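Written below as structure tokens is the structure these notes are about.
Rule-based calculations on the coordinates, nothing more; no lab input. Because the structure is predicted, anything quoted here is derived from the model rather than measured. Ideal geometry is used to build each Cβ from the backbone, glycine not excepted, and the neighbour counts take in all protein chains shown.
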Amino acid sequence: QVQLVESGGGLVRAGGSLRLSCAASGIIFSINAMGWYRQAPGKQRELVATITGGGSTNYADSVKGRFTISRDNAKNTVHLQMNSLKPEDTAVYYCNANVNGGDYWGKGTLVTVSS
């Protein structure tokens with residue numbers, strides 16, 4: 001069974017930074033795309049950023065220039081560096097990964113940005 005576990009969420013003031021991490025564990029043969037999604041209260045889950053196995057990245061317009069996604073293939077981890085945080089970035093952030101051809105999600109980590 002594959003598991004994704006997020007860490008790094010918390011409370012930060014507007015303008016601050018946080019770094020989220022997600023580690024995949026279990027029987028892993030291959031990991032293709034990895035990414036971060038978020039869900040704010042009362043809203044649908046939305047894409048934040050994705051990164052392919054080759055390192056190509058994609059970002060939501062709302063986070064371009066502020067967030068950076070990266071991955072460590074040797075450690076089966078993906079990270080999200082979040083700078084210049086805004087109150088509207090407040091949400092539960094979920095890690096997603098395509099592992100062994102299947103789609104997996106973490107349980108989420110809460111990011112709260114105070115004004």
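Six or more apart or on different chains, Cβ under 8 Å: which pairs go from a residue in the stretch 38-64 that's among the charged types (D, E, K, R) to one that's loosely packed, with under 13 Cβ neighbours inside 10 Å? Could you list them?
Here the result reads Arg38/Glu46, each pair linking the stretch 38-64 to a residue that is loosely packed, with under 13 Cβ neighbours inside 10 Å.
Being under 24 Å from Ser25 (Cα atoms), surrounded by 15 or more Cβ atoms within 10 Å (Cβ to Cβ) and out of contact with any Lys or Arg (no Cβ under 6 Å at 6 or more places or on another chain) is the filter here, so list the residues in the stretch 48-67 that pass it.
Within the stretch 48-67, Ala49, Thr50 meet the criteria.
Quick test for you: out of Glu88, Glu46, Glu6, pick the one residue that is among the charged types (D, E, K, R) and under 10 Å from the mean Cα position of the chain (by Cα). Explain how you work it out, then say what you get.
Details: Glu88 fails: under 10 Å from the mean Cα position of the chain (by Cα); Glu46 fails: under 10 Å from the mean Cα position of the chain (by Cα).
Checking each option against the conditions leaves just Glu6.
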